[in-house]
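Peer 1: Have a look at this one.
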Amino acid sequence: MRKLIFCALAIAGGTMAYGQVSTVNQNGNGNSANVSQVGNVVSEIDVKGNNNTTDVDQDGDMENSIVRIKGPSSNGNSVDIYQRGGESNNATVKINGSKNDVDVDQTGSNNNAGPNSGNTSFSTPRAVDIFGSRNGVWIEQHGDQNEGFVKIGDKGGSGRADGNYAEVRQHFNAAENLAFVNVTGNNNTAILDQDGSYDFMDVDQSGNGNFADVEQWNGNITGEIYVDQSGNHNEAWTFQDGNASLSIIDQSGNRNYANVEQRGVFADSEIYQDGDRNSANVDQAGFANYNYVDQTGNNNEAMITQVDGSFDTSYVEQGGNGNSATVVQDGWVGLVTAGNVSEVYQGGSRNTANIDQIGINDNYVDQSGNGNSATVMQNRRNWTGPFLIGGSDIIQSGNKNSATVDQTGFKNYSQVFQGGNKGMVMVGQTGILNESYISQLGGNNNSATVNQNGLGNYSDLFQNGSNNSATITQTGSFLFSSESQVGNGNSIVVTQSN
């Protein structure tokens, strides 16, 4: 057993100045404790076990440190605490387990700031609290008023947690940041990194085999990140570099993947994965963007891209299995910042939705059937306003239907409903205030093609039966067409111009 303690003392009549306390108590074999203190600091080390190594180096004012390694299985633990150049810092380590590793490095002031910052009670909070085996923790803080807390296992509650690794890094400009990691599962990894002001991170891993990497950089003022992994073998990535960004990832299913990148102001992203083997990718650049992804089914994929600083909003809900949704939104029109709205709901299975919006557009896709495909391309301003309708609605409740809508212009509107199977719809609108309504209610193998080019044209097509086809072409202004086919094998061709 080896104890090596260096304490800088303020000598006054042969007594220690107030606050200069270092207590080491070791009970076991092969333990090593190295304490070096300068300033009004307190260090308490209590080790019970074998082959433990503890190093504490403190240089500053009121920098407190306490290490507790106890329990019948507390073997082979290593703790390294480094605090320098600050005041009122806390570093508290409590370990009950074996083969754990902890490294705390703090430079600055008011780190681990809490109800016990600056005193020696250390009841709560604990910067590191481990109950389990083969866990590793690294906390590095450089800045002002940072708090970094890692709790692995719960001796009084959920029990041991083994094979986990948690890393918290808060850098030089990280003033008033918070970082919390709570792990009650096994074999999880959590990596947190902040370099900004007023940031907050919370990672909770109650499942097993999960991975989370969350980052906020110096463009952040009030960015917040929440990750909750209660399922198993999930993966979550988040990067934020902007103001007032919020990212929520909740993975209660298994083997899900979520990746969020936000750059800008007021960006907001929420991803909920309750099913298994889902994938969600979100890329937001600009300001006032909002994204919502909810995957309750299995093997679904959602990819959201919002670019060029706009007020874009995207909703994707996938309750079925094997669905794919891709949304690209660009709200920049010339020198005007605009905003798109896209809603995709896939309650069936093996459906595909591809949405591409530029300008001020509104899109709605609902696929409750199976094997359907919806493609929407909107350029300029096709949206729902206070006086005139605009945008695209596609509802497919049947199976193996396809719908393609291409809109270029201002306040064009298309509505497609397919309740049968293996139907095909193509709508092309170029101009202003064109309207197209297509309803293929039942039957199989119906097809409809509508092309509108001009101003204020109107087309209404209804087909109920099988193997029907319709082609409607309108070129000009204020043209009107209303067609209906009931039965099988019918065909309509309408050409209008002026």
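Peer 1: When the residues of the stretch 261-281 are filtered to those that are modelled with pLDDT of 95 or more and under 13 Å from the mean Cα position of the chain (by Cα), which remaining residue is nearest to N300 (Cα to Cα)? Step through it out loud before you land on a result.
Peer 2: Our first condition is that a residue be modelled with pLDDT of 95 or more; within the stretch 261-281, this holds for 270-281.
If we keep only those that are under 13 Å from the mean Cα position of the chain (by Cα) too, we end up with 270-273, 279-281.
Numbers: E270: 16, I271: 13, Y272: 12, Q273: 10, S279: 6, A280: 8, N281: 12 Å.
Among residues in the stretch 261-281 that are modelled with pLDDT of 95 or more and under 13 Å from the mean Cα position of the chain (by Cα), the one nearest to N300 (Cα to Cα) is S279.
Peer 1: With respect to the numbered conditions (1) closer than 22 Å to N340 by Cα; (2) in contact (Cβ under 8 Å) with a residue 40 or more places away in the chain; (3) polar (S, T, N, Q), which one is the sole condition not fulfilled by N488?
Peer 2: Exception for N488: condition (1).
Peer 1: While we're on this one: Looking at the stretch 183-203, which of its residues are in a strand (DSSP E or B), buried (at least 20 other Cβ atoms within 10 Å of the Cβ) and modelled with pLDDT of 90 or more?
Peer 2: Listed by number, the residues that qualify are V183, A190, L192, V203.
Peer 1: Within the bounds of the stretch 377-393, is there any residue that is among the hydrophobic types (A, V, I, L, M, F, W, C), over 20 Å from S477 (Cα atoms), part of a strand (DSSP E or B) and at pLDDT 95 or above?
Peer 2: Checked against the condition, which is being among the hydrophobic types (A, V, I, L, M, F, W, C), over 20 Å from S477 (Cα atoms), part of a strand (DSSP E or B) and at pLDDT 95 or above, the stretch 377-393 yields no hits at all.
Peer 1: Within the stretch 261-276, which residues are aromatic (F, W, Y) and on the phi < 0 side of the Ramachandran plot?
Peer 2: Here is the first cut: in the stretch 261-276, the ones aromatic (F, W, Y) are 266, 272.
Result: Y272, single match.
Peer 1: Looking at the stretch 238-247, which of the residues that are surrounded by fewer than 19 Cβ atoms within 10 Å (Cβ to Cβ) and assigned to a strand (DSSP E or B) is modelled with the highest pLDDT?
Peer 2: Within the stretch 238-247, the subset surrounded by fewer than 19 Cβ atoms within 10 Å (Cβ to Cβ) is 243-244, 246.
Imposing the further condition that a residue be assigned to a strand (DSSP E or B) reduces the set to 243, 246.
On the way: N243: 74, L246: 87.
Selected residue: L246.
Peer 1: Condition first: hydrophobic (A, V, I, L, M, F, W, C), at pLDDT 95 or above and either surrounded by 15 or more Cβ atoms within 10 Å (Cβ to Cβ) or within 20 Å of Y413 (Cβ to Cβ) (or both). Now tell me which residues in the stretch 440-498 satisfy that.
Peer 2: A448, V450, L455, L461, F462, A470, I472, F478, L479, F480, I492, V494
Peer 1: Only one of A285, A302, A258 is modelled with pLDDT of 95 or more, under 19 Å from D356 (Cβ atoms) and small (G, A, S). Can you tell me which?
Peer 2: Details: A285 fails: modelled with pLDDT of 95 or more; A258 fails: under 19 Å from D356 (Cβ atoms).
Among A285, A302, A258, only A302 is modelled with pLDDT of 95 or more, under 19 Å from D356 (Cβ atoms) and small (G, A, S).
Peer 1: I would also like to ask the following. Pairs please, first residue from the stretch 232-255 and under 18 Å from N321 (Cβ atoms), second anywhere and among the acidic types (D, E) and outside any strand (DSSP E or B), Cβ atoms under 8 Å, 6+ apart in sequence or on different chains.
Peer 2: Final answer for the pair search is S252/D274; G253/D274; G253/D276; N254/D276; R255/D276.
The values are calculated or read from the model by the stated rules, or taken from the named source; none is laboratory data. Worth saying up front: this structure is predicted, and the values here are computed from it rather than measured. No Cβ is skipped: glycine too gets one built from the backbone with ideal geometry, and neighbour counts run over all protein chains shown.
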